[in-house]
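Asks: Right, I'll just put the structure down here and ask away after.
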Amino acid sequence: MTRQSAGRAALRLLGWLPLYALLAASAAVVMFPLYMTVVDSLQPIAKFLTFPPDFWPHTPVWSNYRAAMTSIPMPRYMANSLIMATVITVGEVVTAALAAYAFSFMRFPFRTPLFFLFLSTMMVPWEISIIPNFQTIQRLNWLDTYQGLTVPFLATAFGTFLLRQHFMSLPRELKDAADIDGYGDLRFLLSVVVPLSRAALATLAVFAFLQAWNQYLWPLLVTNDPNMRTVQIGIASLQSEEVQRTNVVLAGTILALLPMLALVIAFQRFLVRGLTAGALKG
Amino acid sequence: MSEETMAGRRVGSPRARAIRQTVAAAPFLLPSLVLFAVFVFYPLVRSIWLGFHATDPFGRNEVWVGTAQYHDVLTSSDFRHSLLVSGQFALYTVIPATAIGLYLALLSHRRLPGIVIFRTIFSSTVATSVAVSSVVWLLMLNPSVGVLNYVLGKGGVPTESWLTSPTWALPAVAMTTVWMNIGFATIVILAGLQNIPEELYESARVDGAGRWSEFLHVTLPGLSPTLLFVSVVGVIFAFESFGQIQILTQGGPLDATNVIVYSIYREAFLHYNIGLASAQAVVLFVIVLLLTLLQFGVARRWVFYQ
Amino acid sequence: MRRLAALCAVFALTLAAGSGCGSGGVRYSHGRVEVRLWHSMSGVTGDALKKIVDGFNASQSEYTVVPIFQGGYADSLKKLVSSLDTSSMPALIQLDDIELRFMVDSHAIVPAQDFVDADARTPGSHPANLADFEPRALDYYTLNGKLQAMPFNLSGPVLYYDRDVFAQAGIDHPPATLDEVRADAQRLLLHNPDGSLKRNGIALSINGWWLEQMMAKQGALFANNGNGRQGLATKVLIDSPAGIAVLSWWQQMVRSGLATNVGTSGLQSLLAVVTGKSGMAIESVSALRAIVLALGPASARLGVAPMPAPPAPDNSGGMVLGGAAMWIMKGRPLAEQRGAWEFLKYATQPQVQAQWHYDTGYFPVRVSAWDLEPAASLHRQYPQFAIAHDQVVRSPRNLATAGAVIGPFTQVREYEQTAFEQVLVGGKTPQEALATAAKDADRAIARYNRSVR
């Protein structure tokens, strides 16, 4: 690197300085609520009755995090959420892949009207189905069960739509070749379509998992047994029940957030694709 | 799966072929169709039916009451109030979240060393749930020991008992929701920015357009489908909001935060008036349907698709 | 289904041990019949309940009671209603007083009276000695001539005040009427050098319960038809002079700055007294134990007095002794119901209640528990408990103090709360606000009464 170009680089960095300052300030504002939660989760409980609040944990109480894992049932809540979100994710991907395959590779009567029927489910707002769905689960005696938490969400029009868009973009010749080789539909789907659609499937999976993990109203309604609480219901109810251990509850809140944060950062690419699937199809 | 059905043998009448095709497609479609039938279409019909019936709080003694409950809902000032609150809530959440998302996306849509870190931070709140975000903000908003009042007090701004003031409760709940939705808005708008062809900017520059005019004539039109998407989804989110209300205000004070879903929840699961709650849900469904159709109609007029 | 359940109940009372009626069979754990108890006791009170449960489980080998915390009473009730006729339903549930009518109308419970009577018919059983139970609590939970639920944790509102601050202001006894509160509050005001208020007279929270109690203290009925005890209540009487008197006082106190409105959290009002921001507060006596535990000897500063209210004509007024009670669910198999009843008899023994009172500050259900250890030593150490109890014992027993019985009471409470808010922050007059609340409440009651008929 010549002296001149190094000088230019330095100059350019200097020019960026105000921009970086703006970026940093914006990032600080966005992160502030979470930062304060982390600070509070490391405070002794007595600090919660003092004013002004601390902006730095001067004597961090790391044991709050241990307490969150032992004295409040965070592991149990996380396990419930994990099971629920995994089942919903797998279910959504499987049902959507099957339906999307039919809509993109198979011929059958009423294909277009059926596809519109699928899409029409997106127009039915969740509010209207809450009460009847709750009654259905109640009648099936599925309160406090994983099937009650998951089954209503195992099929999505969004997922079908997303995968169909991708399947349609695969070359038709693949199907012809498969037909000649005597592949059945299921075999073709599993051994050709799925491997070629990993990214689209991952997109749907990340999306489904995130949504399922963050559900609130439905788990609130269908779980009575505290052992069946999901992590969201868990922290929301602990927050009011365990006022004398607010710091531990906040530690639990951070623990509940971490897996999702990791997921979002690791799979951001897929998430963006999922979120924008609707926006950019002009 | 029978392999010969789709192997292209040309046998049988069109009718037989239709049957064969249906049989082949059924296993692929039935899982979704059955689930939709049970958990989407049946509830729709069932809700309408429930709206015509009254029961005791335990779901028994069902009697046909005709349109009485629908009439109650349509004439009740409480329901209109809840609709209004939901509308206000949508306004208070969608506009700021979209604007902030746009700002953060524009800010981080540059080639700079380390910009990925900022993009990640700006989109991080997409990982937060209503429960997490409400618990986080509940502490910030505490009138006596919360950070918000401390910071405002330092800045000489009058402090407030945010969640118990009829004036401030809804904006306060909206603020927690805006924070939660910023990440989503930023991600989508960033992707939208990447989709605007570079040539458009180049030709604008050739025409001697300044930054502002470039933004007005290239970026905004290019982003219009994205911004529409963000705001439509935001409106849907707003009308479905429940968790933050339940955790932060329980619909109070003076019903200032009694959004429509909370009102349905309260009627059904705290007052045990399933019929009345169902009637509310049905009326809401019709309104949302009309609004959606209207939105698409408007969108067709002004959104610029490439 | 209902007929089947009724049949089960009949069998429950005639047979010693039952076969599986109701939803699902008997739950067993380690060879014992498992009795699930849904409760709303958290923190200190949750630990105290756990102690009783452990004591019961150790005292016999037939039943295991499993306590399950279900959030607040409203959460717990919501879950109960949704689990009726399903296998998630518990055998025993703790619910607050205002659900009396609702639970009776559910036809899903077995009245406690049926077990009392069955015990009396069965030789060799150890019947509950109702003569030693707090009669006001029995009054509350008796409907249609039957004791419907077993009273368990009894409480009532009291006035908390800062004794030091009272002494400094030269006030030698706590106020008994609302007018006295106003006069004392005036003397308790303290200003900062810059003229702003450093301490106000009283911290007031918004709660329909205060209105109900203050009406009973005036000897006034809250609902028609003898508070719903002589016939189905069809109207609330909150827009009567007794109700208007309470809300007018409230409005004047807050408007004049003598009182501060802390919103719906009673805890906040008590915190205001403890931190010196207010001289007095009205809160449930059930908060006293936690405060005393937290403050230790420093709590001597915290005075307790009967809740002030407008004076009643000819001493007809008093406190409503509600709190919460335990309900036995009809849908569970007979063996579980039996276990639930045995647990309730254990939990209301004088010795157990003396410990419960000591641990939680709730008034004991048994009269004789008051003088037993460790209750007696608690009273010696903290005379506040005895003062609070005085207002119970001095309450006359009549329809007003027995408390109102209304089906949709939760909803009525919401309307009461709205009336408070409208008066305090919404700019309505007490007359207008209470008239609106009464109209809304009457409509909810009519709808409810129609639906359960």
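The values are calculated or read from the model by the stated rules, or taken from the named source; none is laboratory data. Bear in mind the structure is a predicted one, so any value in this text is a computation, not a measurement. Here the Cβ positions follow ideal geometry from the backbone for every residue, glycine too, while neighbour counts run over all protein chains shown. Ligands, DNA and RNA are excluded from the accessible area calculation, which covers all protein heavy atoms including side chains. Shrake-Rupley method; radii C 1.70, N 1.55, O 1.52, S 1.80 Å.
Asks: Might you report the magnitude of the Cβ-based charge dipole of segment A:72-276 about its Cα centre, with Lys and Arg at +1 and Asp and Glu at -1, to the nearest 20 debye?
Replies: With only Lys, Arg, Asp and Glu charged at Cβ, the dipole is about 280 debye.
Asks: Taking springs between alpha-carbon atoms closer than 10 angstrom, which of B:263, B:213, B:165 fluctuates most in the Gaussian network model of chain B?
Replies: B:213
Asks: Can you tell me the mean projection area, over all orientations, of the convex hull of segment C:97-253's alpha carbons? Units nm², please.
Replies: It is 13.4 nm².
Asks: Exposed loop trypsin sites (Lys or Arg not before Pro) only (DSSP loop, at most 13 other Cβ atoms within 10 Å): please give the longest stretch of chain A free of them, not including the sites.
Replies: Longest stretch, sites excluded: A:108-280.
Asks: Ordered by residue, what ³J(HN,Hα) values in Hz, to whole numbers, does segment C:369-382 give under the Karplus form 6.51 cos²θ - 1.76 cosθ + 1.60, where θ = phi - 60° and Gly and Pro are x?
Replies: 5, 4, 9, 7, 6, x, 4, 4, 5, 4, 5, 5, 6, 10
Asks: Same structure again: Hey, with R₀ at 41 Å, roughly what FRET efficiency would residue A:94 and residue A:173 work out to, going by the Cβ-Cβ distance, to 0.05?
Replies: FRET efficiency, residue A:94 to residue A:173: 0.95.
Asks: Separate question: How large is the helix-only mean residue ellipticity at 222 nm for the protein assembly as shown, computed as the sum of -39500 (n - 2.57) over DSSP H runs with n ≥ 4, divided by its residue count, in deg cm²/dmol to the nearest 500?
Replies: For the protein assembly as shown, the value works out to -18500 deg cm²/dmol.
Asks: Moving on. Run the 1.4 Å probe and let me know the accessible area of residue A:131, rounded to the nearest 10 Å².
Replies: Its accessible surface works out to 10 Å², give or take rounding.
Asks: What aspartates and glutamates does residue C:235 reach when the alpha-carbon gap must be under 13 Å and sequence neighbours fewer than 8 apart in one chain are set aside?
Replies: C:440, C:442
Asks: Suppose we flag trypsin sites (Lys or Arg not before Pro) only when DSSP calls them loop and at most 10 other Cβ atoms lie within 10 Å. Which is the longest uninterrupted stretch of chain B?
Replies: That would be B:112-306.
Asks: How charged is the neighbourhood of residue B:166? Take every other residue with its Cβ under 9 Å from the Cβ of residue B:166, and add Lys/Arg as +1 and Asp/Glu as -1.
Replies: -2
Asks: Straight-line reach from residue C:330: which lysines have Cα under 28 Å away, leaving out those fewer than 8 places along the same chain?
Replies: C:50, C:51, C:78, C:79, C:146, C:345
Asks: So, one more: So what J values fall out for segment A:127-142 if you push phi through Karplus, 6.51 cos²θ - 1.76 cosθ + 1.60 with θ = phi - 60°, rounded to Hz, Gly and Pro as x?
Replies: 3, 6, 8, 4, 5, x, 5, 4, 5, 4, 4, 4, 5, 6, 6, 9
Asks: Provide the FRET efficiency to the nearest 0.05 for the residue C:432-residue B:295 pair, computing r from the beta carbons and using R0 = 35 Å.
Replies: Here the calculated transfer efficiency is 0.30.
Asks: How far apart, in nanometres, would the label points at residue B:63 and residue C:234 be if each is projected 7 angstrom from Cα along the Cα-to-Cβ direction?
Replies: Modelled inter-label distance: 1.4 nm.
Asks: Under 1.5 on a/c is rounded, so check that first for segment C:119-201, then, if it is not, pick prolate when a/b is larger than b/c and oblate when it is not; a ≥ b ≥ c are the square roots of the alpha carbon gyration tensor eigenvalues.
Replies: prolate
Asks: Another question, if that's okay. Charges on Cβ only, +1 for Lys and Arg, -1 for Asp and Glu, centred on the Cα centroid of the protein assembly as shown; of C:87, C:346, C:130, which one is farthest towards the dipole's positive end?
Replies: Of the listed residues, the answer is C:87.
Asks: How tilted is helix C:350-360 with respect to the longest principal axis of chain C? Cα atoms for both, answer in degrees (0 to 90, nearest 10).
Replies: The angle comes out near 40 degrees.
Asks: Further question: Suppose we keep just the DSSP beta bridges with both residues in the protein assembly as shown; what percent of those would be antiparallel, to 5?
Replies: 65 percent
Asks: Let me ask something else. Non-local amide H neighbours of residue C:223 (under 5 Å, H modeled in plane, Pro and chain starts lacking H): which ones?
Replies: Amide H neighbours of residue C:223: C:237.
Asks: Let me know the shape class of chain A, please: from the alpha-carbon gyration tensor, a ≥ b ≥ c as square roots of the eigenvalues, rounded when a/c is under 1.5, otherwise prolate if a/b is greater than b/c, or oblate.
Replies: In terms of gyration-tensor shape, oblate.
Asks: Using modelled backbone amide H atoms (1.01 Å from N, in-plane), which distant-in-sequence or interchain residues come within less than 5 Å of residue C:143's amide H?
Replies: C:148
Asks: Compute the distance from the alpha-carbon center of segment A:225-262 to that of segment C:392-439, in whole Å.
Replies: Taking the Cα centre of each part, segment A:225-262 and segment C:392-439 sit 35 Å apart.
Asks: Okay, next question. Let a ≥ b ≥ c be the square roots of the eigenvalues of the Cα gyration tensor of chain B; is it rounded (a/c under 1.5), or, if not, prolate (a/b larger than b/c) or oblate?
Replies: oblate
Asks: Sorted by average packing, counted as other Cβ atoms within 10 angstrom per residue and highest first, what order do C:353-364, C:71-82, C:47-58 take?
Replies: C:353-364, C:71-82, C:47-58
Asks: Read phi for every residue in segment C:337-349 and hand back ³J(HN,Hα) as whole Hz from Karplus 6.51 cos²θ - 1.76 cosθ + 1.60, θ = phi - 60°, with x for Gly and Pro.
Replies: 4, 4, x, 4, 5, 4, 4, 5, 5, 5, 5, 9, 5
Asks: Once you have the Cα-Cα distance between residue A:54 and residue A:225, take 0.36 nm times their residue separation minus that, and quote the gain in nm to one decimal.
Replies: Extending this stretch completely gives an extra 57.9 nm.
Asks: Separate question: Suppose R0 equals 56 Å; then what is the FRET efficiency for residue B:30 and residue C:394 from their Cβ-Cβ distance, rounded to the nearest 0.05?
Replies: The computed FRET efficiency comes out at 0.20.
Asks: Can you give the local net charge around residue A:174? Use residues other than it whose beta-carbon is closer than 14 angstrom to its beta-carbon, Lys and Arg +1, Asp and Glu -1.
Replies: Taking every other residue near residue A:174 into account, the sum is -2.
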